[in-house]
Amino acid sequence: MNLAAADGLTMSGWIFMLLSNAFVWILTVWCFKRVLTSDAPIDPGPAAKP
Amino acid sequence: MADQQKQAWGSRLGVILAVAGSAVGLGNFLRFPGQAAANGGGAFMIPYFCALLFLGIPIGWAEWAMGRYGGRKGFHSAPAIMGVVGRGSFMRYVGVIGVLIPVGVYFYYIFIESWCLGYFWKYLTGGIGVDAAATMNEQLQQSGSYWQGFIGMGEDGALFAGGHGGVLVFWLITMALNVWFVFRGLSKGIEAFCKWAMPAMAVIALIVLARVLTLHPNELHPDQNVESGLAYMWNPKFEELWKAKTWINAAGQIFFSLSVGFGVIINYASYCKRKDDVVLSGLTASATNELFEVGFGGMITIPAAFIFMGAVGIVGKGTFGLGFNTLPVVFAQMPAGNVIGALWFLMLFLAAITSSLSMLQPTAAFVQEALGCSRSKAIGGTVALALAGSLYCLWFTGGTIGWSTIDDWVGTFLIVVLALFQIVAFGWCFGVGRGIDEAHEGAQLRIPGFMRFIIKFVAPAYLLVSIGWFSVHDLGGWWGKAFVPGHTDADGKVDYSPVAGYSLILVAVVAALLIVITRIGEKRWRAAGLDLDGTRPPDDVAEIPGATR
């Protein structure tokens, strides 16, 4: 367990936190942008038809 | 009539959100932060992202590709698809694990899901009675007592004795909601629900995150503030990287988190069409899960607990203790705590139900295609089995031994075992080159070339090491706990419980039942001339007679 928490975030703590968050946010936004900009419904199937 | 219609996804976004919904669960918000803080803080992210890159994403792609390929052959269940991809009976019967896991986990997951609904309702109507004026230890005790009573931890059968916060009512409501959405079908039920539940979860998570990051420092302990809470979670301890358990725990977290090796993705992907992009869809579902895990789970749970309670509320609490014992104390002290508490448990409930829906669906699909019955009958049979298993977990609540034993064996160990066989079936039996070519059909993204090496060698080796680790460190103890009277744990305390044995017998009985159903299905598929051993060209497709999908 990290017992040095009372001293606040260290430089490496900031780096790990920001890089990890930046990675997951950028990856997610990039993926959804790719999906949504080419989101032709694949094949709605009979269930989606009236 | 849903029975008469072929099951299919309505849109690419829908299938992505359904898979992501399956992956995002309680583990993202409760298990991940505890694992990270206990295994090196920020440094944990190194093995964690390695496991994501070398295990989670490639195995996920393999599952997507295998599922879609199996679907083209007319199959939608893990045993049938594993038989096709793995070219024979051995992999088909190994694939039974891909049904045993979702249905076995469902037995207890639905119970935990009902805690979330119950706590949501309690916070909506005034909280669970933690006195913010009491000392911290007293508050923890109040919260702990309430939680233990609510889930019947005191003794077996306690929930049926009354006076336990109505968890049985919440369980019934949860069960009914699950059955309703699965009965409505893939597109109108699971997909439609996930399409609003996932954005709703993201919005709630953002609200709670904003609340946590704007909290004032603890008045009694000014050193307990947002920054120190984040520091507790994120300051790296690099020495943890030299310990094997850090890497094993990181891999375990990725498995729990992404739903790989669970038998779910292979089923969901089987409803995709040949030109549906499984590469980008798989990556997007994984990325969404990571956003909820790292971006929300990693920033909310531990910092909030640390600000109000310091390390005392976190150390040794475990996944559920953190969520249902510690956080209620946090909400009791937080301004507008009941509102935030209600939102938090609503978010957990949505995370849980999107996961539990994905556990019923593969089992129902398996029963339907193996026995050739209608979808409504298959769902009826699946629900009957799920009810029986869940009632077992509801009865044997003493010390949580009944359901935690199933969690150890089925929800932890077998996931890694199934993942190993899946990646071997994909990389070695089907052929890694052919498998990646199959995945590339209709794909906007190319799987990087180095993934061939990872899928064929690195991922199986990583999984073998994980299984070896479990075998050495856990399996003996788990077995002794269930079947060796007088067995003691590492601290010398007797941990033998016949209930653990009952749970394993229950799992064995369910596995035997699934094997029998697979055997029946195998005969039917062979008689119908289906390509159940995957020996014919990819486009040799046939319909399963009798099964109205």
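The values are calculated or read from the model by the stated rules, or taken from the named source; none is laboratory data. If you're wondering where the values come from, they're calculated on a predicted model, not measured in any experiment. Virtual Cβ from ideal backbone geometry, glycine too; neighbours counted across all protein chains shown. Surface accessibility is based on the protein's heavy atoms, side chains included, excluding ligands, DNA and RNA. Shrake-Rupley method; radii C 1.70, N 1.55, O 1.52, S 1.80 Å.
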Which condition number does B:L55 fail, the rest of (1) over 18 Å from B:G411 (Cβ atoms); (2) open to solvent by less than 10 Å² (accessible area, probe 1.4 Å); (3) of a type in the set (A, V, I, L, M) being met?
(1)
Within segment B:365-396, which residues are open to solvent by less than 20 Å² (accessible area, probe 1.4 Å) and under 25 Å from B:W115 (Cα atoms)?
B:I379, B:T382, B:A386, B:G389, B:S390, B:C393, B:L394
All-but-one check, B:W171 against (1) more than 12 Å from chain A (Cβ to nearest Cβ); (2) surrounded by fewer than 19 Cβ atoms within 10 Å (Cβ to Cβ); (3) not charged (D, E, K, R), failing number (2)
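Being crowded, with 18+ Cβ neighbours inside 10 Å and either more than 11 Å from chain A (Cβ to nearest Cβ) or free of Cβ contacts under 8 Å to residues at least 40 places away in the same chain (or both) is the filter here, so list the residues in segment B:232-249 that pass it. Steps first, please.
Residues of segment B:232-249 that are crowded, with 18+ Cβ neighbours inside 10 Å, as a first pass: B:232-237, B:240, B:246-249.
Selection gives B:T246, B:W247, B:I248, B:N249.
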Please give the number of the condition B:W61 fails out of (1) more than 19 Å from the chain's Cα centre (by Cα); (2) open to solvent by 10 Å² or more (accessible area, probe 1.4 Å).
(1)
Odd one out for B:G261 among (1) touching a Leu at 6+ places or on another chain (Cβ under 8 Å); (2) open to solvent by less than 10 Å² (accessible area, probe 1.4 Å); (3) modelled with pLDDT of 90 or more; (4) away from chain A (no Cβ under 14 Å)
(3)
Please give the number of the condition B:G144 fails out of (1) open to solvent by 40 Å² or more (accessible area, probe 1.4 Å); (2) over 22 Å from the mean Cα position of the chain (by Cα).
(1)
Return the only residue of B:G310, B:G318 being of a type in the set (G, A, S) and open to solvent by less than 10 Å² (accessible area, probe 1.4 Å).
B:G310
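So, B:L291, is that one open to solvent by 10 Å² or more (accessible area, probe 1.4 Å), modelled with pLDDT of 90 or more and more than 30 Å from B:T135 (Cβ to Cβ) or not? Before you say what the answer is, go through the steps one by one.
Working: open to solvent by 10 Å² or more (accessible area, probe 1.4 Å): yes; modelled with pLDDT of 90 or more: yes; more than 30 Å from B:T135 (Cβ to Cβ): yes.
Criteria met by B:L291.
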Kindly establish whether B:I401 is in a helix (DSSP H, G or I) and farther than 21 Å from B:L258 by Cα.
yes
Out of (1) of a type in the set (A, V, I, L, M, F, W, C); (2) closer than 24 Å to B:P199 by Cβ; (3) within 10 Å of another protein chain (Cβ to nearest Cβ), what's the single condition that is false for B:I300?
(3)
Within the bounds of segment B:82-105, is there any residue that is at pLDDT below 95, part of a helix (DSSP H, G or I) and either farther than 26 Å from B:V383 by Cβ or within 14 Å of another protein chain (Cβ to nearest Cβ) (or both)?
no
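Is it true that B:P102 is crowded, with 24+ Cβ neighbours inside 10 Å, within 30 Å of B:W147 (Cα to Cα) and in contact with a Ser or Thr (Cβ under 8 Å, 6 or more places away or on another chain)?
Numbers: crowded, with 24+ Cβ neighbours inside 10 Å: yes; within 30 Å of B:W147 (Cα to Cα): yes; in contact with a Ser or Thr (Cβ under 8 Å, 6 or more places away or on another chain): yes.
Against the criterion (crowded, with 24+ Cβ neighbours inside 10 Å, within 30 Å of B:W147 (Cα to Cα) and in contact with a Ser or Thr (Cβ under 8 Å, 6 or more places away or on another chain)), B:P102 qualifies.
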Within the bounds of segment B:374-385, is there any residue that is touching a strand residue (DSSP E or B) at 6+ places or on another chain (Cβ under 9 Å) and assigned to a loop (DSSP other than H, G, I, E, B)?
no
Taking interchain pairs and intrachain pairs at least six residues apart, which have beta carbon atoms under 6 angstrom, with the first residue in segment B:7-21 and closer than 13 Å to B:F193 by Cα and the second surrounded by fewer than 24 Cβ atoms within 10 Å (Cβ to Cβ)?
B:G10/A:P44; B:G10/A:A48; B:L13/A:D39; B:G14/B:K195; B:L17/B:K195; B:L17/B:M198; B:G21/B:M198
Does A:F16 meet the test of being within 7 Å of chain B (Cβ to nearest Cβ), within 12 Å of the chain's Cα centre (by Cα) and modelled with pLDDT of 55 or more?
no
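Table: residues versus (1) within 11 Å of chain A (Cβ to nearest Cβ); (2) closer than 26 Å to B:G144 by Cα; (3) of a type in the set (K, R).
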| site | (1), (2), (3) |
| --- | --- |
| B:G252 | no, no, no |
| B:Y271 | yes, no, no |
| B:R274 | yes, no, yes |
| B:A304 | no, yes, no |
| B:F308 | no, yes, no |
| B:V315 | yes, yes, no |
| B:N325 | no, yes, no |
